[in-house]
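One structure below.
The values are calculated or read from the model by the stated rules, or taken from the named source; none is laboratory data. As the structure is a prediction and not an experimental result, all values here were calculated from the model. Positions of Cβ are generated from backbone atoms using ideal geometry, with glycine treated the same way; all protein chains shown enter the neighbour counts.
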Amino acid sequence: MSASVPAYFERIVASYHDGKRNRCAHLGHWDSVAEEITHSGSTETASPPLISASEFQAAQQRLDEQMIRLARLNHGQSVLDVGCGLGGLIESMNEHWSGMELTGLNVDPEQLDICHRIRPQSGNSLRWQEGDACQLPFEDQIFDRVFCVEAMFHFPSRRRFLAEVLRVLKPGGRFVASDIVLLDVPHTESFPRFAVAAILNDGYGPWPDPWCHHGSMSSLCDELGFGELTRIDATSNTLPTYDFIVPRRFDDDHDPGDPATRAALMLRWLHRGSALRYEYFAASKSY
């Protein structure tokens, strides 16, 4: 299978060109789901409060901060972000770290064109590379850190991608990622699995292996020889995202007719019903 660009990125790119200028292309992180989100003039209690674009962007940046914290980043390191989107994570590292060699890889030249607008700061160097995550166009053992934020489930093979990560990491290097995995739980029995996969692929695909039949990240990292594996369940922390990305006029009982919105509704249904797990991972290369 060859790599392809998820169709929903058309909206993300169009939103950027329309002036939104948000470079993040992933869910947001809320430190506490019990934390009250207040909005002036809002007295609604029957439905979740509306989340503003600025609040959502702040939550997306908090997710990036979680990734950077797990990476144990240091100044002067060489970093690769695979599936870099519009460059949000690299932009954050560029602003807060110095002497870095920062590389973003993406299969989509249109997204990379937006990335090229980021200017290096504090002695950092920036490189943007078009390429396939399962065939990384880099030499062996050249990166101190490799990131992959909410992109791995789109790749043709988690196994091939993780083997490539291991190849390009330096000994002692660290890999950090977030991943979405669907679970075998009773909640999904009311909906055929092929229909779940079809809806997700139609709006948010490619999504070749939603149930990780060919191996989860943790099992594959163990099999391939990664060490010091850390796994954090961030399912509840990312759940509030849907109060922003799913239009309020749509509910779970009506087909919106749009593939991307339909897929977002499916993700919300799975996420709310404990049929989906959103995880943060970190692993090290020990040799």
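The table for this structure:
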{"quantity": "Pairs with Cβ under 8 Å, 6+ apart, first in segment 70-90 and free of Cβ contacts under 8 Å to residues at least 60 places away in the same chain and under 20 Å from Asp108 (Cα atoms), second in a loop (DSSP other than H, G, I, E, B) and not hydroxyl-bearing (Ser, Thr, Tyr)", "calculated": "Ile90/Cys84; Ile90/Ile118"}
{"quantity": "Elements of type strands (runs of 3 or more DSSP E) contained in segment 117-218, each with 2 or more residues being on the phi < 0 side of the Ramachandran plot and touching a Pro at 6+ places or on another chain (Cβ under 8 Å)", "calculated": "125-130, 169-182"}
{"quantity": "Within segment 96-112, tally of residues that are within 17 Å of Leu169 (Cα to Cα) and of a type outside the set (A, V, I, L, M, F, W, C)", "calculated": "3"}
{"quantity": "Of all residues making up segment 219-228, the number that are surrounded by 14 or more Cβ atoms within 10 Å (Cβ to Cβ) and in a loop (DSSP other than H, G, I, E, B)", "calculated": "1"}
{"quantity": "Candidates Asp113, Asp140 - the one that is closer than 19 Å to Ala283 by Cα, surrounded by fewer than 23 Cβ atoms within 10 Å (Cβ to Cβ) and charged (D, E, K, R)", "calculated": "Asp140"}
{"quantity": "Residue in segment 194-214 that is loosely packed, with under 14 Cβ neighbours inside 10 Å and at pLDDT below 90 present", "calculated": "yes"}
{"quantity": "Subset tally (residues that are of a type in the set (Asp, Glu), surrounded by fewer than 18 Cβ atoms within 10 Å (Cβ to Cβ) and in a strand (DSSP E or B)) for segment 229-287", "calculated": "1"}
{"quantity": "Residue within segment 144-161 that is free of Cβ contacts under 8 Å to residues at least 60 places away in the same chain and of a type in the set (Asp, Glu) present", "calculated": "no"}
{"quantity": "Subset of segment 56-95 that is among the charged types (D, E, K, R) and part of a helix (DSSP H, G or I) - its residue that is nearest to Phe175 (Cα to Cα)", "calculated": "Arg69"}
{"quantity": "Options Ala234, Ala260, Ala264: the member that is small (Gly, Ala, Ser) and at pLDDT below 90", "calculated": "Ala260"}
